[in-house]
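Visitor: If you scroll down you'll find the structure; I have some questions about it.
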Number of protein chains: 2
Amino acid sequence: MSMIKNITNVRGITCWGAHTGVKSMRRDLAIIYSEVPAAAAAVFTQNKVRAEPVEISEKHVNLNNRAQVIVCNAGNANACTGEQGRQGAEAMVKTTAELLNIPKEDVIVASTGLIGEPFPTEDVVKGIEENIHKLSDNTKAGSFVANAILTTDTFAKEGFVEFEHDGIRINMGGVAKGSGMIHPNMATMLGFVVTDLDIDEKLLDKALRYSVDRSFNMITVDGDTSTNDMVAVLANGLAGNKKISSEKDPGYIIFREKLNEILTHLAKLIVSDGEGASKFIEYKVSKARSAENARKLVRAISDSTLVKTAMFGRDPNWGRIIAACGNAGINFNYKKVNLFVGDKDKLVQVLEKGQPMDFDKNFVKKLLRDSHIRVNLELNTGQESGMGWGTDLTTDYVMFNSVYTT
Amino acid sequence: MSMIKNITNVRGITCWGAHTGVKSMRRDLAIIYSEVPAAAAAVFTQNKVRAEPVEISEKHVNLNNRAQVIVCNAGNANACTGEQGRQGAEAMVKTTAELLNIPKEDVIVASTGLIGEPFPTEDVVKGIEENIHKLSDNTKAGSFVANAILTTDTFAKEGFVEFEHDGIRINMGGVAKGSGMIHPNMATMLGFVVTDLDIDEKLLDKALRYSVDRSFNMITVDGDTSTNDMVAVLANGLAGNKKISSEKDPGYIIFREKLNEILTHLAKLIVSDGEGASKFIEYKVSKARSAENARKLVRAISDSTLVKTAMFGRDPNWGRIIAACGNAGINFNYKKVNLFVGDKDKLVQVLEKGQPMDFDKNFVKKLLRDSHIRVNLELNTGQESGMGWGTDLTTDYVMFNSVYTT
């Protein structure tokens with residue numbers, strides 16, 4: 001994972017992050033543009049209450065699985081804003097499309113920020129008009145984008161990978177936003193990835209869904225989805241590789257792996273940005289009958305309030321972990337389970353076939369003082385595994401989230 | 001709801017609550033006995049990890065829907081205890097059945113307390129042997145039972161209702177345990193109800209499931225079920241009424257309503273016993289297409305960490321409530337929704353058809369200082385409604401749950 005290169009190192013990608021005035025003192029408008037129309041795939045929030053830009057972007061992507069620009073404002077989520085909000089999102093699309101001379105349907109639009117506030121259409125549209133000519137492939141422009149999509153985040157989240165396919169270097173860069181634990185008024189999770197790979201739209205969509213299931217869907221942000229969540233990927237083909245058009249193409253497997261790598265990197269950065277959290281926790285469930293079951297168990301454990309408070313208290317409370325597994329909605333036999341907890345370097349076994357081991361509790365408590373801890377569960381019913389990432393639940397979290405005012 | 005009468009005022013019911021030594025200084029063994037075999041119904045935890053007594057009791061109740069005694073120990077949950085625990089639960093059943101000279105299958109056995117600790121079979125069996133001759137219909141004995149099933153609870157939970165059917169006074173009493181918010185190592189929720197009504201077993205089962213869905217299943221205790229949860233009801237027929245054997249019998253409707261009343265009373269007491277909680281919150285969703293949908297929305301709102309922290313902060317944060325509804329897994333149109341919040345006396349409308357009202361925020365914040373607050377949501381898509389009860393999420397809750405040590 002390169003930290004120096006960013007989305008601007010993808011062939012044909014220019015971008016800009018600007019300050020329009022919706023947020024005071026911070027950049028709040030991001031535009032990511034591909035010189036040529038790109039294959040596009042996106043996944044959207046499962047929440048039944050969806051922001052206006054989510055509705056529009058889904059329609060645009062579904063139309064022909066192509067797009068050429070992503071435009072995103074921060075500071076106002078354009079959710080629960082009714083007709084006024086819909087018109088605002090449409091104005092963002094129209095202005096962007098006209099200035100870039102592309103079809104409206106090739107615009108992906110996103111918003112993040114407060115919900116239920118009237119949408120500041122005028123400021124945002126003026127911001128697009130005044131900044132679109134600044135689109136640049138300078139590394140700085142990529143950083144501006146990563147900063148311009150933030151809300152309560154405390155740092156910008158970027159990632160970049162490169163790999164070889166068909167004898168050609170393929171570039172892929174991404175940005176994300178989202179804060180792990182503190183999210184006043186349901187802070188949005190956004191992820192935008194661009195690559196110069198040439199790939200069939202349907203395969204791009206398939207790879208995205210595969211990777212989101214193993215990355216963004218495996219981090220726990222209070223177990224809730226927001227009104228605005230969106231992950232979109234554009235593949236503009238400017239690398240000039242022989243187009244990937246079959247799942248059996250080795251290039252597809254490499255791409256999927258690399259996409260998974262960048263999305264997982266971004267997802268873990270989101271978890272790391274939990275201001276109210278004192279720990280980053282990695283969960284692994286292995287030797288499961290299916291990967292889907294393993295992931296369900298990871299989600300059940302990492303979402304459990306009781307597990308999260310135990311981790312805050314540096315308590316290897318296996319009873320809470322086993323009980324959370326029992327609530328995962330799948331068949332689960334605790335009598336076969338081995339459980340290990342520890343820090344990033346050392347794991348200690350606390351359960352053997354469901355029975356507590358005679359382990360050194362003080363030593364384990366010492367390991368759990370670390371800010372990066374691990375929980376590993378072996379089901380011993382198969383060969384599959386799943387991983388996920390979460391935080392602890394702290395008194396700070398409750399304080400931060402209770403003092404927020406509508 | 002009478003607070004003076006208790007389970008001992010049900011015809012043919014005797015009971016005792018004793019101290020066996022499993023818990024220091026507190027009563028920890030309860031026996032509730034019916035002079036004659038009774039119709040029995042019970043519901044058990046949905047958790048896939050189930051305590052040994054849960055397995056046994058379910059088998060016994062399913063066999064012929066009859067039972068004559070409930071025996072319950074506190075201090076050790078007999079969960080994740082393996083073969084040793086199974087033998088312990090069976091010893092409880094065998095001892096009780098032999099001393100009362102009834103079939104083993106007519107014994108309902110329950111446990112609550114720490115999980116994963118070896119079961120103290122000897123102490124519990126000795127306790128049964130030493131106390132069974134004390135079974136009494138004295139009011140005091142009923143209180144002893146209510147106290148003997150407690151673990152982290154701070155007060156005993158009892159309820160009693162009477163009603164007339166077929167010209168006869170019918171008595172029904174119940175006890176429960178469970179602490180609303182603090183439950184180190186997943187404190188169990190138990191409920192035991194006895195009545196002298198004569199009713200068909202299948203109808204008793206039906207009424208119990210109907211009522212549990214509207215009472216115990218509508219309180220939020222971290223959204224988790226424990227390994228030991230159980231609600232059982234015995235109807236011994238000693239009132240001598242004409243046996244209720246049809247759902248159309250007006251007596252069935254009255255009974256179901258009264259059972260619902262007593263279970264709701266007990267469930268609300270459990271929520272009230274949240275040591276870490278600063279507020280008791282009543283949620284109502286009305287004008288819904290179906291009662292099931294209304295209840296799903298109530299559960300989604302009352303389980304939301306963000307809603308619970310907002311309530312702790314006295315923040316009428318409608319955005320979090322709407323977002324929680326969007327996550328309830330049902331169709332939900334926020335554009336039709338009216339939302340009201342307030343204390344037990346006064347409600348203030350904060351949303352009208354999904355749009356924020358211009359309400360006095362300081363006045364609402366003042367209402368939310370109360371320890372009993374209300375959240376009412378009108379969906380405006382039908383005529384059905386649902387209610388539920390929960391607590392806020394406080395810094396104290398996190399502290400209490402993180403200092404607990406395995």
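Visitor: Contour minus end-to-end for B:Asp358 and B:Asn64, with contour as 0.36 nm per residue of separation and end-to-end as the Cα-Cα distance? Working shown, then result.
Guide: Details: separation 294, 0.36 × 294 = 105.84 nm, distance 5.98 nm.
Full-extension gain reported as 99.9 nm.
Visitor: Please list, or write none, the aspartates and glutamates whose alpha carbon is within less than 20 Å of the alpha carbon of B:Lys346, excluding same-chain residues fewer than 8 places away.
Guide: B:Glu282, B:Asp315, B:Asp358, B:Asp360, B:Asp370, B:Glu378, B:Asp392
Visitor: Taking 8 Å as the Cα distance limit and 6 or more residues as the minimum spacing, I'd like the relative contact order of the stretch B:1-151 as a percentage. Show your work: numbers first, answer last.
Guide: Values: 337 pairs, mean separation 54.3, N = 151.
Dividing the mean separation by the residue count of the stretch B:1-151 yields 36 percent.
Visitor: Determine the dipole magnitude for chain B: charges of +1 sit on the beta-carbon of Lys and Arg, -1 on that of Asp and Glu, nothing else is charged, the reference point is the Cα centre, and the result goes in debye to the nearest 20. Write out the running numbers ahead of the final one.
Guide: Values: 48 positive and 50 negative charges, 257 e Å.
Computed charge dipole of chain B: roughly 1240 debye.
Visitor: Moving on to the next point. When a/c is below 1.5 the answer is rounded, else prolate if a/b is larger than b/c, else oblate, so apply that to the stretch A:96-197 with a ≥ b ≥ c taken from the square roots of the Cα gyration tensor eigenvalues.
Guide: Oblate, since a/c reaches 1.5 and b/c is not below a/b.
Visitor: Any idea what the A:Glu130 label distances to the other copies are, label 7 Å down the Cα→Cβ vector, nm, shortest first?
Guide: 8.3
Visitor: Computed on alpha carbon atoms, what radius of gyration and Dmax characterise the stretch A:68-119, expressed in Å?
Guide: 11.1, 32
Visitor: Ordered by residue, what ³J(HN,Hα) values in Hz, to whole numbers, does the stretch A:286-303 give under the Karplus form 6.51 cos²θ - 1.76 cosθ + 1.60, where θ = phi - 60° and Gly and Pro are x?
Guide: So the J values, rounded to whole Hz, are 10, 6, 9, 5, 9, 5, 4, 4, 4, 5, 4, 5, 4, 5, 5, 5, 6, 8.
Visitor: Where only protein heavy atoms count, and the probe is 1.4 Å, what is the accessible area per residue for the stretch B:117-218 in Å²?
Guide: 34 Å²
Visitor: How far is A:Glu55 from the same spot in each other copy, in nm, shortest first, if each label point sits 7 Å from Cα toward Cβ?
Guide: 5.3
Visitor: Using only the C-alpha atoms of the stretch B:211-317, find the volume of their convex hull and express it per residue in Å³.
Guide: Roughly 143 Å³ of hull volume per residue.
Visitor: Taking amide H positions as placed in the peptide plane 1.01 Å from N, state which residues far from B:Phe280 in sequence (5 or more) or on other chains have amide H under 5 Å from it.
Guide: B:His372, B:Ile373
Visitor: Please report the relative contact order for the stretch A:294-401, taking Cα pairs under 8 Å with a sequence separation of at least 6, and give it as a percent rounded to a whole number. Each step should come with its number before you reach the end.
Guide: Values: 154 pairs, mean separation 37.1, N = 108.
Contact order relative to length: 34 percent.
Visitor: Still on this structure, I have one more. Relative to the compact globular guide of 2.2 N^0.38 Å, what is the alpha carbon radius of gyration of the stretch A:321-406, as a ratio?
Guide: 1.33
Visitor: Taking the Cα centre of the stretch B:281-326 as the origin, how large is its charge dipole in debye, to the nearest 20, when only Lys and Arg (+1) and Asp and Glu (-1) carry charge on their Cβ atoms? Show your work: numbers first, answer last.
Guide: Values: 9 positive and 4 negative charges, 27 e Å.
For this selection, approximately 140 debye.
Visitor: Something else about it: The stretch B:313-362 to the stretch A:305-335: how many Å between their Cα centroids?
Guide: Their Cα centres are 33 Å away from one another.
Visitor: Multiplying the sequence separation of B:Lys366 and B:His133 by 0.36 nm and subtracting their Cα-Cα distance, what value in nm do you get?
Guide: Residue separation times 0.36 nm, minus the Cα-Cα distance, leaves 78.4 nm.
Visitor: Work out which residues of the stretch B:208-253 lose at minimum 10 square angstrom of accessible surface when the other protein chains are put back, relative to the chain isolated, with a 1.4 angstrom probe, and list them by number.
Guide: Checking the loss per residue gives B:Asp222, B:Asp224, B:Thr225.
Visitor: Starting at the first residue of the stretch B:90-103, write each ³J(HN,Hα) from the Karplus equation 6.51 cos²θ - 1.76 cosθ + 1.60 with θ = phi - 60°, in whole Hz, x for Gly and Pro.
Guide: In residue order, the calculated couplings are 5, 5, 4, 5, 5, 4, 4, 5, 5, 5, 8, 6, 10, x Hz.
Visitor: At 222 nm, what value in deg cm²/dmol follows for chain A if DSSP H runs of at least 4 each add -39500 (n - 2.57) and the sum is divided by all its residues, to the nearest 500?
Guide: Per the formula, -10500 deg cm²/dmol.
Visitor: Putting +1 on Lys and Arg Cβ atoms and -1 on Asp and Glu Cβ atoms, find which of A:Ala77, A:Asn101, A:Asn64 reaches farthest to the positive end of the dipole of the stretch A:40-118.
Guide: Value computed over the given set: A:Asn64.
Visitor: I need the fraction of alpha carbon pairs in the stretch A:269-342 separated by more than 14 Å, rounded to a whole percent.
Guide: Summing the P(r) of the stretch A:269-342 above 14 Å gives 61 percent of all pairs.
Visitor: Right, here's the next one. Apply the a/c threshold of 1.5 to the C-alpha gyration tensor of the stretch B:37-125 and tell me whether it is rounded, prolate or oblate.
Guide: Judged from the Cα gyration tensor, the stretch B:37-125 comes out oblate (a/c at least 1.5, b/c at or above a/b).
Visitor: Sticking with this one: Could you list which residues have their amide H under 5 Å from that of A:Asp343, counting only those 5 or more apart in sequence or on another chain, with H placed in the peptide plane?
Guide: A:Arg374
Visitor: On the protein heavy atoms, probe 1.4 angstrom, tell me the percent of accessible surface of chain B carried by carbon and sulfur.
Guide: That fraction is 46 percent.
Visitor: While we're looking at this one, here's another question. To the nearest 100 Å², how much accessible surface do chains A and B cover up together, summed over both, with a 1.4 Å probe?
Guide: Result for this pair: about 4400 Å² buried.
Visitor: Follow-up. Which values of log₁₀ I(q)/I(0), to two decimal places, follow from the Debye formula for the stretch B:247-387 at q = 0.11, 0.18 Å⁻¹ with a uniform point scatterer at every Cα?
Guide: -0.43, -1.06
Visitor: Could you compute the FRET efficiency for B:Arg209 and A:Lys140, with r as their C-beta to C-beta distance and R0 at 51 Å, rounded to 0.05?
Guide: 0.20
Visitor: Something else now. Distance check, please: which entries in A:Lys5/A:Lys242; A:Lys206/A:Lys287; A:Lys59/A:Lys94; A:Lys5/A:Lys177; A:Lys268/A:Lys361; A:Lys366/B:Lys308 exceed 21 angstrom between their Cα atoms?
Guide: The pairs that break the limit, which is 21 Å between Cα atoms, are A:Lys5/A:Lys242; A:Lys206/A:Lys287; A:Lys268/A:Lys361; A:Lys366/B:Lys308.
Visitor: Could you quickly flag the chain A residue whose beta carbon comes closest to the rotation axis taking A to B, and that distance in whole angstrom?
Guide: A:Thr395, 2
Visitor: I want to verify the translational diffusion coefficient of the protein assembly as shown in µm²/s; compute it with Stokes-Einstein, Rh as the Kirkwood radius over Cα pairs, at 25 °C and 0.890 mPa s.
Guide: Result for D is 86 µm²/s.
Visitor: Further question: Please report the equivalent ellipsoid semi-axes of chain A, computed as sqrt(5 x eigenvalue) of the Cα gyration tensor, largest first, in whole Å. The partial results should precede the final answer.
Guide: On the way: eigenvalues 289, 125, 61 Å².
Semi-axes, largest first: 38, 25, 18 Å.
Visitor: With a ≥ b ≥ c the root eigenvalues of the C-alpha gyration tensor of the stretch A:1-58, is it rounded (a/c under 1.5), prolate (a/b larger than b/c) or oblate?
Guide: Note, shape of the stretch A:1-58 comes out oblate.
Visitor: Taking the Cα centroid of the stretch B:69-113 and of the stretch B:242-297, what is the distance between the two, rounded to the nearest whole Å?
Guide: Using only Cα atoms, the two centres lie 29 Å from each other.
Visitor: When the accessible area of each residue in the stretch B:365-406 is compared between its chain alone and the complete protein assembly (1.4 Å probe; ligands, DNA and RNA ignored), which residues differ by at least 20 Å², being lower in the assembly?
Guide: Listed in order, they are B:Lys365, B:Leu393, B:Thr395, B:Tyr397, B:Val398, B:Met399, B:Asn401, B:Ser402, B:Tyr404, B:Thr405, B:Thr406.
The values are calculated or read from the model by the stated rules, or taken from the named source; none is laboratory data. Computed from a prediction, not measured in an experiment: that's the story for all the values here. No Cβ is skipped: glycine too gets one built from the backbone with ideal geometry, and neighbour counts run over all protein chains shown. Side chains are part of the model used for accessible areas, which takes the heavy atoms of the whole protein and leaves out ligands, DNA and RNA. Shrake-Rupley method; radii C 1.70, N 1.55, O 1.52, S 1.80 Å.
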